[in-house]
Structures are given as C-alpha cells and as structure tokens.
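The values are calculated or read from the model by the stated rules, or taken from the named source; none is laboratory data. Here the structure is a predicted model, which means the values were calculated and not measured. Reconstructed Cβ throughout: ideal geometry from the backbone, glycine too, with neighbour counts over all protein chains shown.
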Amino acid sequence: MRVRVGGFAALTAAMCMANAASQAQTSRYEIAQYGPAARAPTAASIGEGQAAAKINNWTVGLASGLPEGTFIRFGAEIARNLNNGDELRVIPMITYGATENVKDLLHLKGVDIAFTNADVLELTSRLGLRGRARSRSRR
C-alpha cells in the first residue's frame, strides 16, 4: 500500500511539473506573438475629457491610514459628511500610516491632504522635509 501511494504521489508531482513547464513555454510564445498588452482607453481618447476634468476639479485625495486604525475611520467620516455630488468629493485612501502619509503628501500624485501625528511633524522638521512641504503648498 505504501509503495502505491508513494508511486502515485511521484507520478502526480511529475505530471504537475510537466504541465507547469508547458504553460511557461506557452506564455512566452503568447507574449512574443501578441506583444505588450493594450491599455484601456482614457476619458480624453473617447471624447469625455471635459467631463473628466469637471469631476477631477473638485476631487480631494485624503491619505488616511491603515484599515484597522483610526485615521481611516476619520477619513471615511469626513468623506461621508463633505461629499456633495459634483461640488466636492473627498476620497480617503488606505496608506501605511502617519509617517508614510507625509511622504505620500510630498511625492504621490493624487494625495492632497494627509493625516499624521504631531511627533511625525517634529521628525519631518528635523529632517528638513517640512520646509519642502511648505514651499509646495498652494496658497
């Protein structure tokens, strides 16, 4: 009985490896044959550029925090109370937390506001990031 089970397991493993190898060769062939994947059409390419610009004009990205933290709950509550159709739309984002929110605010496209802690602001001040943030702000 043990010999049969062991032989069956070895045969199954060999078949799985052969199947994986054939799939790898097929996928390489398909990539070479079809080239890079096509991108989805943008709003501008299908004639909806003005509608997209209108929607994005009053959209605010809010870097909130981790799903289990309080910042994301604050962000969801702010979005729920401030969203007003086409006039204002707040989009809370799940991020890696208070320290990363400052980096996201400085470098990530689409982040306009970020939650953070006072001690993180002190750290960014020591590192010289706070001056860069102030020079980038819109007044």
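Cβ contacts < 6 Å: first residue in the same structural domain as ASP112 (by TED's automatic domain parsing) and under 17 Å from ASN81 (Cα atoms), restricted to the range 56-67; second residue of a type in the set (Lys, Arg) and surrounded by 13 or more Cβ atoms within 10 Å (Cβ to Cβ), any location; separation 6+ or different chain. Result?
Taking only residues 6 or more apart or on different chains, the pairs are THR59/ARG89.
Check whether at least one residue in the range 70-80 is in a loop (DSSP other than H, G, I, E, B) and over 23 Å from GLY128 (Cα atoms), and report yes or no.
Looking for residues that are in a loop (DSSP other than H, G, I, E, B) and over 23 Å from GLY128 (Cα atoms), one finds none in the range 70-80, hence no.
Take GLY110 and decide whether it is part of a helix (DSSP H, G or I) and in contact (Cβ under 8 Å) with a residue 24 or more places away in the chain.
Spelling it out, it is not the case that GLY110 is part of a helix (DSSP H, G or I) and in contact (Cβ under 8 Å) with a residue 24 or more places away in the chain.
Given the options ALA21, ALA32, ALA43, name the one that is farther than 30 Å from LEU127 by Cβ, hydrophobic (A, V, I, L, M, F, W, C), surrounded by 13 or more Cβ atoms within 10 Å (Cβ to Cβ) and modelled with pLDDT under 75.
One residue alone meets the criteria, ALA43.
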